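Contents: one structure, followed by commentary.
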Amino acid sequence: MKKTQRKDAFRNISKQFVSYFSIIVISMLAVTAFLGINYSADALIGNASDYMNRLSFRDAEITSTMLVTENDIEAIRNMEGISEAEGVYQTSTKLLGKTSNLSVSVISAPQRISLPEIRQGCMPVSASDCALELEIMEKMGLSVGDTVEIGSGGGKPAPYLRHTTFRISGSFVHADHYAKESFASGSRYIIVTEDAFDAEALDGCFTKALVRYDKPNTMRMIGREYDALSAEVFPRLNQLAEERASIRDAEVRERYAQSIQEGQEQLDEAKQKLDDGRKQLDDSAKLIASNEKKLAAGKKKLDSAWKQLEAGRKKLQTAKSELNAGKKKLDAAEKELKAAIDQVVSGTDYAGNSAAYTRKIKNYLAKNSVDKLDSETSELLPQEVTDSEAYQSNYPSIKSKAKQYSDGLKQYNNGLKQYNRGLKQYNKGLKEYKSGLAQYRSGVKKLNNAKTELKKGEKEYAEKLTEYQDGEKELQKAKDDLAALKECRWVVLDAESNPSYVHAKSSAENIRKLALTFALLFVLVGILVIYATVARIIDEQRKLVGTVKALGFYNREAAVKYLLFGLSGTFFGMVLGTALSYFVLQKMVLTAHAQFYVTDGIPSRFHVALTAAAFAVGILIAAISVWWACAGLIRRSAVELM
């Protein structure tokens with residue numbers, strides 16, 4: 001451009017400054033709206049992506065109606081397009097507060113995917129520790145170190161949890177909850193250790209699997225590139241889900257069937273034992289009844305024997321009385337015999353030996369008949385006595401007394417023999433009675449023990465029968481459960497299933513749509529303003545344009561100052577608009593959106609490529625508008641213009 005043309009262009013700008021300023025303003029507004037809103041959308045996406053990538057937000061989440069096994073996790077991990085898969089435990093329950101309860105999800109601490117970011121304290125280290133999401137801490141007014149109760153109340157733990165009481169070890173924000181609960185629904189998390197869950201109740205399985213796609217760490221979680229990757233990998237996950245669900249379904253049904261078969265075998269064995277036990281109990285009852293009859297009969301015999309013994313005892317007592325009476329008679333006869341002998345020896349030298357002579361005669365009579373006493377008197381008494389007159393006169397009395405004594409002795413000895421024989425029989429009967437009584441008592445004791453054992457056996461049988469009946473019910477329930485068991489189904493969810501992800505993505509997309517709307521509006525207005533302004537100026541300066549053309553200037557040389565007018569105004573407006581979009585509009589939008597998310601504010605972002613493209617398009621539109629405005633006049637001849 002020549003110096004004179006440049007001066008003319010600047011002079012034209014100064015003369016038409018109001019029109020020039022209008023181009024600057026409309027360009028500034030258009031760029032401010034377009035870039036400011038796009039910068040904001042890019043900052044929202046970038047902040048969300050940085051947060052989710054930093055915490056390894058899961059790209060997919062898988063749950064199964066029959067839980068997720070370790071083999072399922074390994075199959076997912078080995079699938080093409082997957083970088084990592086991890087199983088976690090999760091259960092829904094309530095956090096019990098003093099005045100209100102809060103619905104929460106208790107999860108095991110993840111190791112690689114969808115990680116928490118500690119804000120206070122630390123992660124739980126024992127089964128009695130827990131970490132609470134920051135929003136829960138603020139809502140319930142809790143602090144690190146407090147003790148909380150988790151469950152349905154009454155000391156009953158949540159499903160699959162071992163405990164109800166936990167100590168708060170720390171607070172955190174989680175990858176799954178980028179947006180606050182007020183703007184993205186869903187129960188907030190309480191993290192516990194894996195051993196806080198009852199792995200046995202879960203059959204060694206996980207409640208869900210978290211999946212990360214194989215992608216660069218720099219890839220944004222929100223954008224076309226990520227959507228394309230998800231569209232490629234997600235269908236393969238669904239295909240794997242169908243395969244693994246079928247395998248899992250077969251495994252569970254086979255296990256159910258095997259468990260039912262084993263249960264049936266155990267019930268059959270228990271039934272056989274019950275039948276055998278019932279037979280033994282019935283046999284024992286019969287034996288007890290038979291022994292009761294035998295004992296009753298034995299009791300009758302014992303009673304009869306006792307009566308006989310009592311009768312014998314009474315007879316013995318009578319015989320003993322009679323024997324004692326006979327003994328008295330015998331003693332009296334002995335005294336009379338001695339008195340008779342005393343009369344015979346009283347006048348002799350043998351008067352003091354009457355007792356000895358009486359004893360000799362007694363001993364003789366004990367072995368011999370009294371009839372032989374006549375021939376044996378000389379052997380029993382001294383000859384001097386037997387030759388005496390007193391003897392001769394008193395001998396008949398002696399013999400009579402001796403005969404009385406002999407008869408009494410025989411009667412007494414016979415009575416004594418009978419008494420001893422009766423006593424022996426009585427003692428024998430008493431011994432037999434006592435032996436029988438001991439046997440009877442032993443039998444009664446054994447019978448009572450048998451009855452006790454029978455009662456105990458009946459109780460055990462009743463308990464075993466109840467267990468058997470309960471086992472039958474459980475077995476039938478297992479059969480019914482197997483019959484009603486629905487086919488295993490995997491539910492595969494992508495990032496779009498996460499409310500926070502959807503909120504961040506939809507917010508950015510809505511802002512971008514708004515940017516496009518404003519951009520189109522301001523571009524249209526800008527085109528009209530530039531066209532109208534330049535067209536008006538050219539119309540006012542048509543004679544000047546004709547003079548310039550008459551002096552030999554080319555059309556392009558005549559149009560340069562108008563292009564400079566429109567393009568420079570547009571450029572300066574775009575520069576101002578860029579500054580306003582970054583420092584003002586973006587700040588306003590991000591400040592308004594920062595309240596939605598758990599991060600500490602949203603940093604501003606400058607998009608070089610987008611800015612360059614906006615400048616290029618703006619300059620091009622301005623150039624086209626100016627050329628379109630002046631094309632008609634420039635093509636006319638100098639004569640027509642003048």
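Tabulated data for the structure shown
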{"read-out": "Förster radius 41 Å - calculated FRET efficiency between Arg119 and Ile260, Cβ distance, rounded to 0.05", "value": "0.20"}
{"read-out": "Amide H within-cut-off set for Met66, under 5 Å, with H built and near neighbours excluded", "value": "Arg489"}
{"read-out": "Cα-based Rg and Dmax for region 362-495, where Dmax is the largest Cα-Cα distance (Å)", "value": "48.0, 160"}
{"read-out": "Alpha-carbon centroid distance for the pair region 381-427 / region 217-258, whole angstrom", "value": "131 Å"}
{"read-out": "Surrounding net charge for Asp176, when Lys and Arg each add one and Asp and Glu each subtract one, Cβ distance under 11 Å", "value": "0"}
{"read-out": "Directionally averaged shadow of region 301-380, computed from the convex hull of its alpha-carbon atoms, nm²", "value": "7.4 nm²"}
{"read-out": "³J(HN,Hα), Karplus 6.51/-1.76/1.60, whole Hz, each residue of region 296-301, x for Gly, Pro", "value": "5, 5, x, 5, 4, 5"}
{"read-out": "Per-bin percent of Cα-Cα distances, region 15-118 [5 Å]", "value": "2, 9, 11, 12, 11, 10, 9, 7, 6, 5, 4, 4, 4, 3, 2, 1, 0"}
{"read-out": "Rounded FRET efficiency, nearest 0.05, which uses the C-beta distance separating Glu509 from Trp628 and R0 of 41 Å", "value": "0.75"}
{"read-out": "Radius, Kirkwood style, for region 122-274 when every pair of distinct Cα atoms is counted (Å)", "value": "20.0 Å"}
{"read-out": "Rg to Rh, two decimals, where the chain supplies the alpha carbon set and Rh follows Kirkwood", "value": "1.69"}
{"read-out": "By average C-beta atoms within 10 angstrom, highest first, the peptides 120-133, 295-308", "value": "120-133, 295-308"}
{"read-out": "Accessible area per residue in Å² at 1.4 Å probe, computed on the chain", "value": "55 Å²"}
{"read-out": "Rounded FRET efficiency, nearest 0.05, which uses the C-beta distance separating Thr147 from Tyr468 and R0 of 35 Å", "value": "0.20"}
{"read-out": "Relative contact order (percent, whole number), the chain, Cα cutoff 8 Å, 6+ residue spacing", "value": "28 percent"}
{"read-out": "Percentage of interatomic Cα-Cα distances in region 64-203 larger than 27 Å", "value": "21 percent"}
{"read-out": "MRE, 222 nm, helices only [DSSP H, n ≥ 4, -39500 (n - 2.57), over the chain, to nearest 500]", "value": "-24000 deg cm²/dmol"}
{"read-out": "In nm, spacing of pseudo-spin labels at Gln111 and Thr165 (7 Å Cα→C-beta vector)", "value": "3.1 nm"}
{"read-out": "Solvent-accessible area, 1.4 Å probe, carbon plus sulfur percent, for the chain", "value": "54 percent"}
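The values are calculated or read from the model by the stated rules, or taken from the named source; none is laboratory data. Everything numeric here is computed off the predicted structure, so don't read it as measured data. All Cβ positions, glycine included, derive from the backbone under ideal geometry; neighbour counts span all protein chains shown. Quick note on the areas: whole protein, heavy atoms, side chains included, nothing else; ligands and nucleic acids left out. Shrake-Rupley method; radii C 1.70, N 1.55, O 1.52, S 1.80 Å.
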